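Encoded as structure tokens, the structure appears first; notes follow it.
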Amino acid sequence: METQINQKNNNKKIDLDYKDTFYATGRRKKSIAKVWLKKGSGLVFVNGKTMNDYFVKDTLRTAICRPFSVVKRENEFDVISSVKGGGFTGQAGAIILGISRALVLNEPDLKSALKKEKLMTRDSRAVERKKYGLKKARKSFQFSKR
């Protein structure tokens, strides 16, 4: 089985052969990311688009590349990911966790470096639910004693 994804700008194709790839899942808030890592030239695709087209904010783009810079493996792997749910920040966090897990599957020696930078732990923080009788999760209406 092979999958081909076209990059609009350079018309390059990544052939995703499942024998050479490493798969991992990442989650953050309501976002779930499926990440495939393959030896390559450093291209990152998110939902069929390049990373630059999908993520508008510069901070999110640099955050996604952070696992590679921590282990000094820039431009060695191609990343193909499909993300659903949540917003852009949650999706970027899910992709970061997926990339980190896939790197550890590829080279288990990298786990300590990634764990030291807190890239291997799932961030379980989520929005607290609204309680009845209150405006929001904790905010209440103004109280008047008299």
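No lab work stands behind these numbers, since they all come straight from the coordinates. In this text, all values refer to a predicted model and were calculated from it rather than measured experimentally. Backbone-built Cβ (ideal geometry, glycine too); neighbour counts: all protein chains shown.
Between Tyr23 and Glu76, what is the spin-label point distance in nm, taking each point 7 Å from the Cα along the Cα→C-beta axis?
2.4
Going out from 0 in 10 Å bins, what whole percent of all Cα-Cα distances in the chain drops into each bin?
P(r) for the chain, in whole percents per bin: 11, 38, 28, 10, 7, 4, 1, 0.
What ranking of Lys19, Lys29 emerges when the number of other C-beta atoms within 10 Å of each C-beta is taken as an exposure proxy, fewest first?
Arranged by neighbour count, lowest to highest, Lys19, Lys29 become Lys19, Lys29.
Taking every DSSP beta bridge with both residues inside the chain, roughly what % is antiparallel (nearest 5)?
Antiparallel: roughly 90 percent of the beta bridges in the chain.
How large is the helix-only mean residue ellipticity at 222 nm for the chain, computed as the sum of -39500 (n - 2.57) over DSSP H runs with n ≥ 4, divided by its residue count, in deg cm²/dmol to the nearest 500? All intermediate terms of the calculation are to be shown ahead of the outcome.
Values: 5 runs with 41 residues, N = 146.
Estimated from H runs of four or more residues: -7500 deg cm²/dmol.
Anyone know which of Leu43, Leu105, Leu134 comes out most mobile in the 10 Å Cα GNM of the chain?
Sorting by GNM fluctuation, first place goes to Leu134.
Going by alpha carbons, how many degrees (0 to 90, nearest 10) lie between the helix axis of 88-106 and the longest principal axis of the chain?
40
Once Lys and Arg get +1 and Asp and Glu get -1 on their Cβ, which of Phe88, Val104, Phe45 lies farthest toward the positive end of the dipole of the chain?
So the residue we want is Phe88.
Out of Lys57, Lys30, Lys38, any idea which swings most in a Gaussian network model of the chain, alpha carbons joined below 10 Å?
Judging by the Gaussian network model, the answer is Lys57.
Hey, what do the phi angles of the stretch 71-78 turn into as Karplus ³J(HN,Hα) couplings, whole Hz, using 6.51/-1.76/1.60 and θ = phi - 60°, x for Gly and Pro?
Rounded to whole hertz, the list is 9, 6, 10, 5, 6, 10, 10, 9.
Determine the sum of side-chain charges near Leu37: Lys and Arg each +1, Asp and Glu each -1, restricted to other residues whose C-beta is under 12 angstrom from that of Leu37. Kindly include the intermediate steps, with their values, before the conclusion.
Working: positive: Lys34, Lys38, Lys39, Arg73, Arg101; negative: Asp20, Glu76, Asp78, Glu107.
Every neighbour counted, the sum reads +1.
Hey, got the dipole for the chain? About the Cα centre, +1 on K and R Cβ, -1 on D and E Cβ, debye to the nearest 20?
Values: 34 positive and 14 negative charges, 341 e Å.
Rounded to the nearest 20 debye, it is 1640 debye.
How much length is gained if the chain between Phe143 and Lys118 is pulled fully straight, taking 0.36 nm per residue apart and subtracting their Cα-Cα distance, in nm to one decimal?
Separation in residues times 0.36 nm, less the Cα-Cα distance, equals 4.8 nm.
Between Val56 and Lys84, what is the FRET efficiency for a Förster distance of 25 Å, r being their Cβ-Cβ separation, to the nearest 0.05?
It comes out at approximately 0.85.
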